[in-house]
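Here is the structure we will look at, set down as structure tokens.
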Amino acid sequence: MLQSGLVKYLRDGKGFEGTLIVAAVLYLLVFAAFPLIYTVVMSFQEVDMFTLGTLVRPFAGLTNYTDLFHRPEFAPIVWNTMIFVTLSIAFQLTIGFALALFFLQDFPGSTYVRGLFLAGWILPALVVGAVWRWIFAGDFGVLNYALQSLGLIDGQIYWLSDPAYALYSVIIANIWLGIPFNMILLSVGLAGIPGDVYEAAEMDGANVIQRFLTITLPMMGPTLGAVVALGVIFTLQQFDLVAALTQGGPANASNVAQYWSWQMSFQTYEISGGATVATMMIALVIVVAVIYVRSVQREQSF
Amino acid sequence: MATEESTFQFLPWAQSAGGDFNAINTDGSVRALQFWQKLVDDKVATPEVLVLNQPDLGSQFVAGNIGMIVTGCWELPRFAKEVKFDWRVALMPIEKAGAPRASALGELAYAVPRTSAHPDEAFKFLEYIYAQSSRDWNEYGWLPLDQTATPKDPKWPEAYAVFAEQMKYARGRGPSPVWPKVSKAIQTAIQDTLTHKTDAKTALDTAQSTIDGLIK
Amino acid sequence: MNQIEIEHLNKNYGSLQALHDISLDIPVGAFVALVGPSGCGKSTLLRTIAGLETITSGTIRVAGEVVNDKAPRERDLAMVFQSYALYPHMTVEQNMSYSLRLRRRPKAEIDERVGEAARILGLEKLLKRRPKQLSGGQRQRVAMGRAIVRKPKVFLFDEPLSNLDAALRVQMRSEIRKLHKNLGATSVYVTHDQIEAMTMADLIVVLHDGRIEQIGRPLDLYRRPANRFVAGFIGSPAMNFVPAEVTADGRTIAIGTGTLLKIPRAQEPGRKVLAGLRPEHLRLDGSGERLTATVDIIEGTGSMTFIEARIGSDLLNVAYAGTYETEAGAPLTLGIASDDIYLFDPETGRAL
Ligand SMILES: Nc1ncnc2c1ncn2[C@@H]1O[C@H](COP(=O)(O)OP(=O)(O)O)[C@@H](O)[C@H]1O
Ligand SMILES: [Mg+2]
């Protein structure tokens, strides 16, 4: 009686929707909210390997933060992270946008070639990292070989082990990795612009460039905002490539916040330090996420 | 590369020149690091050592791209199978005749937590592991710490002789509850020196003061 | 003088030929309707004029100049799209001023022209709104306004009213017509609705399967359709077609079970023909040529009465202006003036 009532409630009543919502909320609480709050809490505590098992740990106030700011590697890593995020997104976006526009022209085989681009996207970042490591290898790398064959360089460029190049090599690999995602999102955005709007602009006297500047760009505005926001989030998450290519080296030349946080947490077991970096990154991501949500809302208002 | 491996690789050089992890800025340690720096500067060693790990470098050796490698006996099974040229094993070099020899132990340190509910079982388990030591060499290319556990009829007898000799000079790293941070300080010094961010002396002085602060 | 001249225009989409040998002159200042059933090539023809579609062969001239290879923006034509195609990210004002801003006209001129168009179309209060905040009718007006501010040589309309409700459609019909009278610019107007074409156009071009069936003034098409297709397409309700045979003297035809009808012009005796009788020409008083039929269905709207009647196996629709009472199954005596009987070749459909 009770059981059949429950089944009926689930099937016919509000029970089904309710169950879905509860499941989603539970999932968020366990797998998103808890680790997030736990990380923030740890950034205000003294945590090391031996207090890892307990929750009650000495309160550290802001000392984790001040300690972090005073480390000699803090400024270079923040700077590296900014360069990493900015350059990655700038190039992922422009190249992705150019490719999206390119594939919008329906030339024979365009769908297949576009599909090939996606192949790069489904590769795990660690695999991509391994491939790029062969490309960038200093002594026997593909890139050096190609450049030397073309007569562009004489000696080797140590893409990964020269502090002057390491960060940019990781950025190049990350740009490559992010282009398909950017291209697909932007393709979807472009496909959402009705063709007759372009025709109307053409009739109104707009040439190709004017159509791009006055129709495509403004109508893509919300999509671009969303792509940039997601790009910031994904780029700040990009751990695997750094791990596979340089481990932040040499001498922190290519170290970025997300990798530093991991190094502290799991290599030197300065767990509160790692949590502090992570917390600051969370704050940044929240700001970006708010911008993202806003821009999605604006997109729906068209 | 900037991991425990680089500390592992460097310590014997420092130790053989009279330094150690808690005396990392002695003249000997500085000379050892300067020697490393010179190897890279003169292109005797590839700058890739800054980012490549031990297995990567081992692969380069297998491929014939590098002619000399400082590594452990655990690479023997692979090298024996894959290296296509004539190669030998030698003792780690020392700075000058009569200097102490040194090498690093790759073995793990086992710990039984104080709060463990089954300490006796844990010890039994450890005893079992060590009782199997004589299988290490032939089956895994490991040289057991336990000097009494000699393998029957060792494979690669020449290499075994060298490693067994080298083992006499082996030292553990630490152990210390703050070892990861000690190691990190040494790694940083190595990376900073090899990339010419600072000179060897300054880098090791910095490492020394960090380490002093850690182990008091 | 002609504003637009089209000669032997063909347009293929791959293996599909959408337009067949179209030749058409559109006089300066005329309001020309391109009419025909859906898929007959109206939009395609309009878009080749606009330059939005390339042509396979033939020539298009605008104001005497061949424009075959010119981009749309070099042709000085304005187009109103069926979907309106407003710029969603621009306000009404920005939508209308877009073309002028592209041409870098002075701000005062832009304001004046946009203001004038807004006044004509009653859009003054909506200038700051986005298309999304407008009703269908308002959007349609903005689309017109965007065309008007340009003062182009030619307006091209592609079914501009088909997304509006019936009442608004009737109202906009006369407004567009008025606008045309005031602006005097040549207009090419595509519609599938023959009533729209009949009421608005100076000249109608009837298209069918990518071919021009007939070009003429609205009443000429009604009175003298060149073929069975035009006869059936123009006029509402549509003309009745009844198989018939010319009698031995060539002056009458026999339909159904042998009813004889006098025809306007003598035809070859014994010839099989298709007789065309317009529903509104069939009289209920039996005057003129007389037909005896049976009532199948009767529908009255008060002002009009529509009867579906049967003569033998043939069906005839009758439209009578006024009320008439009868019932299904009742006999019906119909009459038609001899001059109102059309004859077509049953094979080619040509008017005889
Ligand atoms: N871009 C196109 N590609 C292929 N066929 C088309 C294209 N545009 C129109 N057609 C075909 O051309 C014919 C005429 O279309 P259209 O001019 O749009 O008809 P309508 O008279 O309804 O406006 C139709 O058969 C249509 O399917
Ligand atoms: Mg159409």
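The values are calculated or read from the model by the stated rules, or taken from the named source; none is laboratory data. Every value quoted in this text rests on a predicted model; they were computed, and no experiment measured them. Methodologically, a virtual Cβ is constructed for each residue, glycine included, from the backbone with ideal geometry; neighbour enumeration extends over all protein chains shown. Quick note on the areas: whole protein, heavy atoms, side chains included, nothing else; ligands and nucleic acids left out. Shrake-Rupley method; radii C 1.70, N 1.55, O 1.52, S 1.80 Å.
Somewhere in the range B:88-107, is a residue in a strand (DSSP E or B), in contact (Cβ under 8 Å) with a residue 60 or more places away in the chain and either in contact with a strand residue (DSSP E or B) (Cβ under 8 Å, 6 or more places away or on another chain) or over 22 Å from B:Y140 (Cα atoms) (or both)?
Here is the first cut: in the range B:88-107, the residues in a strand (DSSP E or B) are B:103-104.
Now drop any that are not in contact (Cβ under 8 Å) with a residue 60 or more places away in the chain, which leaves B:103-104.
Okay, now just the ones that are also either in contact with a strand residue (DSSP E or B) (Cβ under 8 Å, 6 or more places away or on another chain) or over 22 Å from B:Y140 (Cα atoms) (or both), so B:103-104.
Yes, there is a match, as at least one residue in the range B:88-107 is in a strand (DSSP E or B), in contact (Cβ under 8 Å) with a residue 60 or more places away in the chain and either in contact with a strand residue (DSSP E or B) (Cβ under 8 Å, 6 or more places away or on another chain) or over 22 Å from B:Y140 (Cα atoms) (or both).
Taking into account only those residues within the range B:157-173 that are of a type outside the set (A, V, I, L, M, F, W, C) and surrounded by fewer than 16 Cβ atoms within 10 Å (Cβ to Cβ), which is nearest to the other protein chains (Cβ to nearest Cβ)? So the residue we want is B:G172. Within the range A:18-54, being open to solvent by 100 Å² or more (accessible area, probe 1.4 Å) and charged (D, E, K, R) holds for one residue alone: A:E46. For the range C:294-310, the set of residues classified as open to solvent by 60 Å² or more (accessible area, probe 1.4 Å) and outside any strand (DSSP E or B) consists of C:T301, C:S303, listed by residue number.
If I filter the range C:318-351 down to residues being closer than 20 Å to C:G232 by Cα and among the acidic types (D, E), which single residue comes out as surrounded by the most Cβ atoms within 10 Å (Cβ to Cβ)? So that I can check it myself, show each step before the final result.
Filtering the range C:318-351 for residues closer than 20 Å to C:G232 by Cα gives C:318-320, C:336-351.
If we keep only those that are among the acidic types (D, E) as well, we get C:339-340, C:345, C:347.
Values: C:D339: 13, C:D340: 17, C:D345: 15, C:E347: 8.
Applying the filter and picking the extreme gives C:D340.
In the range C:4-51, of all residues being outside any loop (DSSP other than H, G, I, E, B) and within 14 Å of chain A (Cβ to nearest Cβ), the one that is nearest to ligand 2 (Cβ to nearest atom) corresponds to C:S43.
Given the residues B:A63, B:A45, which is the only one that is surrounded by fewer than 22 Cβ atoms within 10 Å (Cβ to Cβ) and in contact with a Leu (Cβ under 6 Å, 6 or more places away or on another chain)? Please lay out each step first, then the result.
Details: B:A63 fails: in contact with a Leu (Cβ under 6 Å, 6 or more places away or on another chain).
Answer to the selection: B:A45.
Restricting to the range A:164-183, give me the number of residues that are buried (at least 21 other Cβ atoms within 10 Å of the Cβ) and in a loop (DSSP other than H, G, I, E, B). Walk me through how you get there before you give the answer.
Of the range A:164-183, the ones buried (at least 21 other Cβ atoms within 10 Å of the Cβ) are A:166-167, A:169-171, A:173-175, A:177-180, A:182-183.
From the residues that got through so far, the ones that are in a loop (DSSP other than H, G, I, E, B) too are none.
Going through the range A:164-183 one residue at a time, the tally reaches 0.
With a requirement of 3 or more residues that are within 19 Å of C:P37 (Cα to Cα) and open to solvent by less than 40 Å² (accessible area, probe 1.4 Å), the helices (runs of 4 or more DSSP H) lying completely within the range C:158-225 that satisfy it span C:194-200. Among the criteria (1) more than 9 Å from chain A (Cβ to nearest Cβ); (2) under 19 Å from the mean Cα position of the chain (by Cα), the one B:S183 does not fulfil is (1). Candidates are the residues of the range C:253-293 that are acidic (D, E) and open to solvent by 50 Å² or more (accessible area, probe 1.4 Å); the one that is nearest to C:A238 (Cα to Cα) is C:E280.
To keep it simple, each residue is scored yes or no on (1) more than 16 Å from ligand 2 (Cβ to nearest atom); (2) outside the structural domain of C:S313 (by TED's automatic domain parsing); (3) of a type outside the set (S, T, Y).
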| residue | (1), (2), (3) |
| --- | --- |
| C:D193 | no, yes, yes |
| C:A197 | no, yes, yes |
| C:A201 | yes, yes, yes |
| C:H208 | no, yes, yes |
| C:D220 | yes, yes, yes |
| C:R224 | yes, yes, yes |
| C:R228 | yes, yes, yes |
| C:V246 | yes, no, yes |
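When the range C:122-134 is filtered for residues that are open to solvent by 30 Å² or more (accessible area, probe 1.4 Å) and either at the interface with chain A (Cβ under 9 Å from one of its Cβ atoms) or within 23 Å of C:A50 (Cβ to Cβ) (or both), the ones remaining, listed by number, are C:R130, C:K132. Go through the range C:21-51 and give me each residue that's open to solvent by 30 Å² or more (accessible area, probe 1.4 Å) and either basic (K, R) or more than 10 Å from ligand 1 (Cβ to nearest atom) (or both). Once the filter is applied, which keeps residues that are open to solvent by 30 Å² or more (accessible area, probe 1.4 Å) and either basic (K, R) or more than 10 Å from ligand 1 (Cβ to nearest atom) (or both), the range C:21-51 yields C:D21, C:S23, C:D25, C:P27, C:V28, C:R47. Quick check, is C:A226 over 25 Å from C:I22 (Cβ atoms) and away from ligand 1 (no atom under 16 Å from the Cβ)? Against the criterion (over 25 Å from C:I22 (Cβ atoms) and away from ligand 1 (no atom under 16 Å from the Cβ)), C:A226 does not qualify.
Looking across the range C:83-121, the residues that are in a loop (DSSP other than H, G, I, E, B), more than 7 Å from chain A (Cβ to nearest Cβ) and either surrounded by fewer than 17 Cβ atoms within 10 Å (Cβ to Cβ) or acidic (D, E) (or both) come down to C:R104, C:R105, C:P106.
Just name the residue that is nearest to the other protein chains (Cβ to nearest Cβ) out of those in the range A:159-212 that are among the charged types (D, E, K, R) and under 31 Å from the mean Cα position of the chain (by Cα).
Per the stated criteria, the residue is A:D162.
Evaluated against (1) open to solvent by less than 40 Å² (accessible area, probe 1.4 Å); (2) more than 13 Å from chain A (Cβ to nearest Cβ), B:L50 falls short on exactly one condition, (2).
Looking at the range C:63-87, which of the residues that are under 24 Å from the mean Cα position of the chain (by Cα) and over 21 Å from C:R103 (Cα atoms) is farthest from ligand 2 (Cβ to nearest atom)?
Of all residues in the range C:63-87, those under 24 Å from the mean Cα position of the chain (by Cα) come to C:77-85.
Next cut, over 21 Å from C:R103 (Cα atoms) only: C:81-84.
Values: C:F81: 10, C:Q82: 7, C:S83: 11, C:Y84: 14 Å.
Here the residue is C:Y84.
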